[in-house]
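Enquirer: I have a structure I would like to understand better, so I am pasting it below and will then ask my questions one at a time.
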Amino acid sequence: MSSVTEGADLPATDHPPTDLPPTEVSVAELPADDTPPRPEVRPPEVWRFATPARHTLSNGIELLSYDIPGQYVISVRTVLPFPLSVEPREVEGVASIMSRLLDEGTAEHSPEEFAELLERKGIALGASVTDGGLGVDLDVPKRRLGEALDLLRQALAEPVFPGPEVDRHRKTRLAQIEQERALAPQRAAQAFIATHFDETDRASRPTAGTTASITALTRQDIVDFHAERVGPTGMTAVIAGDLSGLDVADLAESTLGTWVSATHVPAAETIEPRRATDAARVVFVDRPGSVQSELLVGWTGPDRHAPGGWAAYPVLGFMVGGSPNARIDALLREEKGYTYGIRSVFRPRRVGGLFLTSGSVRADATVESVQLLLDLLASGRDGFRAEEVQAGVDFISKTAPGRFATADAVADEAVTMALDGLTTDFTTKTLEAMRELDGQQLTAAYRDWVQGEWTVVIVGDASTYAEGVRELGIGDVTVVPA
Amino acid sequence: MPLDYPIHEKTLANGLRVVVSPDASVPTVTVNIWVNVGSRHELAGRTGFAHLFEHLMFQGSRHIASGEHFTRLMAEGGRLNATTWFDRTNYFETVPKGAYELALWMEADRHGHLLDAVTQENLDNQRDVVKEEKRQRYDNVPYGTALIDVYAAVFPSGHPYHHPTIGSMEDLDAASLEDVHAFFRRYYGPNNSVLTLVGDLTADEGFAAAERYFGHLPASAEPARPPVAPLEPVSEPVRVDRPGNVPNDRMHIAFRLPVDNTDEFFAAGLAIDALGGLSTSRLVQRLVRREQVANAVQAHAMGFVDGVSLGFFVIDVADGQDPEAVEAAVVEELERFAVEGPTEVEMESAMAQSERSWLSALAGQEERADLISQHVLLHGDGQFVNTFLDRIAEVGVEDVRAAAARWLRPDGRVVVRHLAVADEEEVA
């Protein structure tokens, strides 16, 4: 019933962080005091991701259920993979707007009735579309699971997309586009995809559509998209939580399992997005008077099916930009004080991926920070020290039990894998492979993807800093309005 | 559903309150420490200091090098951080079971012996980092300073909640090493803190480890001051306008609320949910769905301990709509609610959503430990995690109506408006 914001010490990270210099003080150096000796650490036992029970419902939905005792809120996740290229070009964003309308009126219930049913049962329902496809999620107290699954079926199978709700969600998206334009990280992301990907590729444009495409979108486009692209074939459903005393397969079969679609056309395979031929350049989004510059530096990266395996990349993202003492923040935050924190992450897509580094720096440190950041990114090609490697591997592998302790975290991981055609056995195998990595393998993996070419986006005061960035000689600099 | 998370409590001879809540479902232990100091304790001219100080807690102590908290514990598989808020500062890590004693040893070192390692260089560096945090989270974000305006208008000058936790640039500049020493001596010590351990350990193991690593520290903190006097609702409407370069008009409509952990606060919180916190709440139904004069409505209740709390609605005004008319509609709904009270369906919905969000909050060891520390430190109630749902279930329709009639009166509103200014006007 309440929500609190607070001043945290560290910015949030996609993947949690790692460390750098070993700075232990040996026991012999302790001054004479009553401090007890530094305790030894006992290594944790090897951990495996939980194994789900698997069922195929009569309509083809693959059901994965994870019984996690003590997790009294059940997390249900459904995913249906499709590439965004299935959207008609002139109404891009139709998938996203369709997803936002799934609970805004069904064959049985008006929008307000449906919302009331969800609220009274304590159900949180959400839907979204990514480059991998459609995801519809709900969280619900255990005793309400059956009712919740039936409401989920109605949302997926029987949405009616009432005209007034369509209009409202179109307007809301148009307002959201303006909000995103005003937020530096979102503005940077939009400039990045527009610069990095070929302009003919869907990946170069926002997932949820542009002002032009949303303005062109009609109710019929949404109805047609749902009929053609949303159905049980190819869908994975995950149910995670304390399932004791529940017959989950039966509950799912009697709800989600009854959904049939005569019109659904399973989607073609996703293909890798095309990079623009002039992707290696600098775009400076001009925000006059900005007190910080938002930096976003990226290039093509691997996906989870990368040759040589995926295990190296979470560790690499980490050693470079995953904590206050990773290479980037050790210099730009802890030594220079230019930033609250800059993060690097290898972000896999269904096919292909990105290696992204982002964060904001004090405005008058813009030019120097860009140069230092590119130097730090290049430094990984020269190798990683043994203690960096050990710390990175240990951090990611040893945090896994805690990161995947709750129903929602387990369910989220399971559907992330499902969207990629994988299971959480991949999560376990990645952690196993990670423990075997050495510095040479990590350096080789880094060199596979980092070769000195970058798409660089800066959102800041161009009139003051664009010339300095030009003088760095890191590529053509184009200034665009905010 | 009655909750029964095990709660074992003990106070060490030096005053450290220790709570152990065994949970063997995951082979990890969460170490969570709450210190009874936040921005409410800051003095004029030193706003933002409690948070800056928290950053220095990661820059080394008697036996620990600068940055080692992160490097060492992360390398052992720990996830850690700290936050500062009006009422308190917290420090926390979740580590594999075999590393929890190291985590306790490291926490005890900085909570007992920070000053051995604090340097001007570290202070200057973290001052710069905190300034960038302020710019990133507040100054370089549309509407980023809205809550700062809300605090300043809702709470009188000099009140503990009048200024934001992040503080001001000028005050951050003024912070000195002497301030760091004085602050640590006054507020940091086992007798002003709570240590909660949640995870794969027994109560005996947890208490023994707490004694082993914290037991030798002296009860060095000065006694906590009592809460300041309660505040009544604001007496007449206040408006703060911030015209600027924002995508659409946004209004924060804020109210004083009663202190946290009281039946009246819970009732006021349910009223705020029924009015704006649910997808079926009155303001959402009317402004967003039916009249479509707002893009979104959010509602929040922030519980505090110093004589007053804060509640507010955030309304994104739809393009082309008149914010005055939207505000008038809100006033109308507040007046109606104060007379009618919530419907049975609104009560049922607010309770059901409170139940799910509470169970979700308790699902992970980290947040469970944090909620235990909070209620032991600020309210002396170790069982709160188990009893909260029963307590709000006792709140009746008339309690919610009465709380709204007293605390959400339109006359007691503070409205902070960020109004979009057309580019042409800016140029002219």
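The values are calculated or read from the model by the stated rules, or taken from the named source; none is laboratory data. Worth saying up front: this structure is predicted, and the values here are computed from it rather than measured. A quick note on method: Cβ atoms are made from the backbone with ideal geometry, for glycine too, and the neighbour counts reach across all protein chains shown. Just so you know, the surface numbers come from the protein's heavy atoms only, side chains and all, with ligands and any DNA or RNA stripped out. Shrake-Rupley method; radii C 1.70, N 1.55, O 1.52, S 1.80 Å.
Enquirer: Only one residue in B:Pro230, B:Pro223 is part of a loop (DSSP other than H, G, I, E, B), within 20 Å of B:Gly158 (Cβ to Cβ) and open to solvent by 90 Å² or more (accessible area, probe 1.4 Å), so which one is that?
Expert: B:Pro230
Enquirer: Take the stretch A:207-239 and flag every residue that is of a type in the set (Ser, Thr, Tyr) and more than 26 Å from A:Ala148 (Cα to Cα). If you could, list the steps in order and put the result at the bottom.
Expert: First pass over the stretch A:207-239, keeping only residues of a type in the set (Ser, Thr, Tyr): A:207, A:210-211, A:213, A:215, A:218, A:233, A:236.
Selection gives A:Thr207, A:Thr210, A:Thr211, A:Ser213, A:Thr215, A:Thr218.
Enquirer: Scan the stretch B:392-407 and give yes if some residue there is touching a strand residue (DSSP E or B) at 6+ places or on another chain (Cβ under 9 Å) and either part of a helix (DSSP H, G or I) or modelled with pLDDT of 95 or more (or both), otherwise no.
Expert: Yes, the conditions are met somewhere in the stretch B:392-407.
Enquirer: Could you tell me which of the residues B:Gly341, B:Gly320, B:Gly311 is on the phi > 0 side of the Ramachandran plot, in the same structural domain as B:Arg256 (by TED's automatic domain parsing) and in contact (Cβ under 8 Å) with a residue 60 or more places away in the chain? Break it down into steps so the answer makes sense when it comes.
Expert: Working: B:Gly320 fails: in contact (Cβ under 8 Å) with a residue 60 or more places away in the chain; B:Gly311 fails: on the phi > 0 side of the Ramachandran plot.
Within the list B:Gly341, B:Gly320, B:Gly311, the selection yields B:Gly341.
Enquirer: Can you tell me which residues in the stretch A:383-399 are touching a residue at least 12 places away in the same chain (Cβ under 8 Å) and either charged (D, E, K, R) or surrounded by fewer than 21 Cβ atoms within 10 Å (Cβ to Cβ) (or both)?
Expert: Those that are touching a residue at least 12 places away in the same chain (Cβ under 8 Å) and either charged (D, E, K, R) or surrounded by fewer than 21 Cβ atoms within 10 Å (Cβ to Cβ) (or both): A:Gly383, A:Arg385, A:Ala386, A:Glu387, A:Glu388, A:Lys398.
Enquirer: Looking at the stretch A:48-92, which of its residues are open to solvent by 10 Å² or more (accessible area, probe 1.4 Å), part of a loop (DSSP other than H, G, I, E, B), aliphatic (A, V, I, L, M) and more than 16 Å from A:Asp247 (Cα to Cα)?
Expert: A:Ala50
Enquirer: Mind telling me which of the residues B:Gly158, B:Gly199, B:Gly167 ends up being open to solvent by 50 Å² or more (accessible area, probe 1.4 Å), on the phi > 0 side of the Ramachandran plot and touching a residue at least 12 places away in the same chain (Cβ under 8 Å)? Talk me through it step by step, then tell me what you get.
Expert: Details: B:Gly199 fails: open to solvent by 50 Å² or more (accessible area, probe 1.4 Å); B:Gly167 fails: open to solvent by 50 Å² or more (accessible area, probe 1.4 Å).
Only one candidate qualifies: B:Gly158.
Enquirer: May I pose another question? Within the stretch B:65-85, can one find any residue that is under 17 Å from B:Tyr187 (Cα atoms), in contact with a Phe, Trp or Tyr (Cβ under 6 Å, 6 or more places away or on another chain) and not in a helix (DSSP H, G or I)?
Expert: yes
Enquirer: Further question: I need a count of the residues in the stretch B:342-360 that are under 18 Å from the mean Cα position of the chain (by Cα), surrounded by fewer than 22 Cβ atoms within 10 Å (Cβ to Cβ) and under 21 Å from B:Ser309 (Cα atoms).
Expert: Result for the stretch B:342-360: 2.
Enquirer: Kindly indicate whether B:Val26 is more than 7 Å from every other protein chain (Cβ to nearest Cβ), among the hydrophobic types (A, V, I, L, M, F, W, C) and either at negative phi or touching a strand residue (DSSP E or B) at 6+ places or on another chain (Cβ under 7 Å) (or both).
Expert: No; evaluated as a whole, the condition is false for this residue.
Enquirer: Considering B:Leu270, B:Leu278, which residue is under 30 Å from B:Leu377 (Cβ atoms), assigned by TED's automatic domain parsing to the domain that holds B:Val397 and either basic (Lys, Arg) or open to solvent by less than 20 Å² (accessible area, probe 1.4 Å) (or both)?
Expert: Details: B:Leu278 fails: under 30 Å from B:Leu377 (Cβ atoms).
Exactly one residue qualifies, and that residue is B:Leu270.
Enquirer: OK, next. I'm told A:Leu316 meets every condition in (1) part of a helix (DSSP H, G or I); (2) surrounded by fewer than 22 Cβ atoms within 10 Å (Cβ to Cβ) except one. Can you identify the failing condition by its number?
Expert: (2)
Enquirer: Counting only residues that are more than 13 Å from chain A (Cβ to nearest Cβ) and surrounded by 19 or more Cβ atoms within 10 Å (Cβ to Cβ), how many does the stretch B:115-151 have?
Expert: 2
Enquirer: I need a count of the residues in the stretch A:396-415 that are out of contact with any helix residue (DSSP H, G or I) (no Cβ under 9 Å at 6 or more places or on another chain) and more than 14 Å from every other protein chain (Cβ to nearest Cβ).
Expert: Qualifying residue count for the region: 1.
Enquirer: Restricting to the stretch B:283-308, give me the number of residues that are away from chain A (no Cβ under 11 Å) and either in contact (Cβ under 8 Å) with a residue 60 or more places away in the chain or open to solvent by less than 10 Å² (accessible area, probe 1.4 Å) (or both).
Expert: 6
Enquirer: Those residues that are facing chain B (nearest Cβ under 10 Å), buried (at least 18 other Cβ atoms within 10 Å of the Cβ) and of a type outside the set (S, T, N, Q), I need them from the stretch A:145-172; list them, please.
Expert: Residues satisfying the conditions are A:Glu165, A:Arg168.
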